[in-house]
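Visitor: Before I ask anything, here is the structure I am working with.
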Amino acid sequence: MRKKPLVAFTAVVAALIGSSGCGPSGGSSGGATGSIAAPSREGLPGSWGKALVSAKSYSSLRVEVDYALGHEPTTAALQMLALKLRLHLRKPGGIEVVKGRVLVTPRREVWTLADTKLLEAQNRSSFSLGSRAVVWVAYLPGKSERDGGGASPTLGWSQSGTSFVVFKHNIDANPPLFARPSDLEGAVLVHEMGHLLGITEHCEEEDCIMTPRSTEWDVRGEALTKFVETTLGRL
């Protein structure tokens, strides 16, 4: 990893995360159809990419972050995501990232993708409507079914075109060392949001925020910048 003359998030996140990963995601970049949709119609990660990036379908964006009791998002992490989105997306009506409601969650220590999709169906109440696009995020207790057996802990996964989950337990379990835990948390939000914006494949470039190896993340966002600029150029 390249060393920078200034203190960068690359070193901060690398020190925090160890080798942690992103869970299942996939899909093709494109636009959303219709102004309102139920969870089962939100599509695959990346399918709302153009609609979330540009102002053509929706002029504003609201990211609602619901959470399990005791696993609240930090203000600093939410601010980091908001900063990146305002920098890169074309939303003249504004972008807001807000702390939402306490989730009604079952007593569960291990989560599958089917579990988290069901949780969304039971808890999500806001969807894209009119000129405003809505992304739903859930902060969960417990761990992913992919953890254990020597596997790196999963920090989050995107599960539809407008939603992803964060495993707050795995984030908090990482030793803080010299950096703030909220730096890691914010980087996870940026990474998963990148999948929803249409970066459905993990990159292999050094310092790329979208690599599955979080020790190499750089939340300054060069990869996100290039992708968004290319997408906007095609609209």
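The values are calculated or read from the model by the stated rules, or taken from the named source; none is laboratory data. All of these numbers come straight from a predicted model, not from anything done at the bench. Backbone-built Cβ (ideal geometry, glycine too); neighbour counts: all protein chains shown.
Visitor: Could you please give the count of residues in region 46-95 that are β-branched (Val, Ile, Thr), crowded, with 20+ Cβ neighbours inside 10 Å and assigned to a helix (DSSP H, G or I)?
Guide: The number of residues fulfilling the criteria is 1.
Visitor: Moving to a separate point now. Restricting to region 25-45, what's the tally of residues that are more than 20 Å from Leu85 (Cβ to Cβ), part of a loop (DSSP other than H, G, I, E, B) and modelled with pLDDT under 50?
Guide: Step one: filter region 25-45 for residues more than 20 Å from Leu85 (Cβ to Cβ), giving 26, 28, 33-41, 44.
Pick out the ones that are also part of a loop (DSSP other than H, G, I, E, B) and you get 26, 28, 33-38, 44.
Applying the additional criterion that residues be modelled with pLDDT under 50 yields 26, 28, 33-38.
Looking only at that region, the number is 8.
Visitor: Moving on. Scan region 141-155 residue by residue and report those that are part of a strand (DSSP E or B) and among the basic types (Lys, Arg). Spell out how you get there, then give the answer.
Guide: Of region 141-155, the ones part of a strand (DSSP E or B) are 143-144, 148, 151, 154-155.
Once the filter is applied, which keeps residues that are part of a strand (DSSP E or B) and among the basic types (Lys, Arg), region 141-155 yields only Lys143.
Visitor: A follow-up question, please. Look through Ala138, Ala121, Ala133, Ala114 and report the one residue that is in contact with a Ser or Thr (Cβ under 9 Å, 6 or more places away or on another chain) and assigned to a helix (DSSP H, G or I).
Guide: Details: Ala138 fails: assigned to a helix (DSSP H, G or I); Ala133 fails: assigned to a helix (DSSP H, G or I); Ala114 fails: in contact with a Ser or Thr (Cβ under 9 Å, 6 or more places away or on another chain).
Selected residue: Ala121, the only one of Ala138, Ala121, Ala133, Ala114 that is in contact with a Ser or Thr (Cβ under 9 Å, 6 or more places away or on another chain) and assigned to a helix (DSSP H, G or I).
Visitor: Also, quick follow-up: Being at pLDDT 90 or above and within 18 Å of Gly156 (Cβ to Cβ) is the requirement here; does Glu64 meet it? I'd like the intermediate steps shown before the answer.
Guide: Working: at pLDDT 90 or above: yes; within 18 Å of Gly156 (Cβ to Cβ): yes.
Answer is yes for this residue.
Visitor: For region 122-148, what are the residues that are surrounded by fewer than 18 Cβ atoms within 10 Å (Cβ to Cβ), touching a residue at least 60 places away in the same chain (Cβ under 8 Å) and polar (S, T, N, Q)? Please lay out each step first, then the result.
Guide: Applying the first criterion (surrounded by fewer than 18 Cβ atoms within 10 Å (Cβ to Cβ)) to region 122-148 yields 122-123, 125-126, 129-131, 145, 148.
Now restrict to residues that are touching a residue at least 60 places away in the same chain (Cβ under 8 Å): 126, 129-131.
The answer is Ser126, Ser131.
Visitor: Let me ask you something else. Quick check on my filter: what residues within region 96-112 are buried (at least 20 other Cβ atoms within 10 Å of the Cβ) and in contact with a Pro (Cβ under 8 Å, 6 or more places away or on another chain)?
Guide: Within region 96-112, just Thr105 meets the criteria.
Visitor: Name the residues in region 96-111 that are assigned to a strand (DSSP E or B) and over 15 Å from the mean Cα position of the chain (by Cα), would you? Break it down stepwise before answering.
Guide: Here is the first cut: in region 96-111, the residues assigned to a strand (DSSP E or B) are 96-102, 110-111.
Of everything in region 96-111, those that are assigned to a strand (DSSP E or B) and over 15 Å from the mean Cα position of the chain (by Cα) turn out to be Gly100, Arg101, Val102, Val110, Trp111.
Visitor: The conditions are (1) closer than 24 Å to Ala187 by Cα; (2) free of Cβ contacts under 8 Å to residues at least 60 places away in the same chain; (3) of a type in the set (D, E, K, R), and Arg108 fails exactly one of them. Which is it?
Guide: Evaluating Arg108 over (1) closer than 24 Å to Ala187 by Cα; (2) free of Cβ contacts under 8 Å to residues at least 60 places away in the same chain; (3) of a type in the set (D, E, K, R) leaves (1) as the failure.
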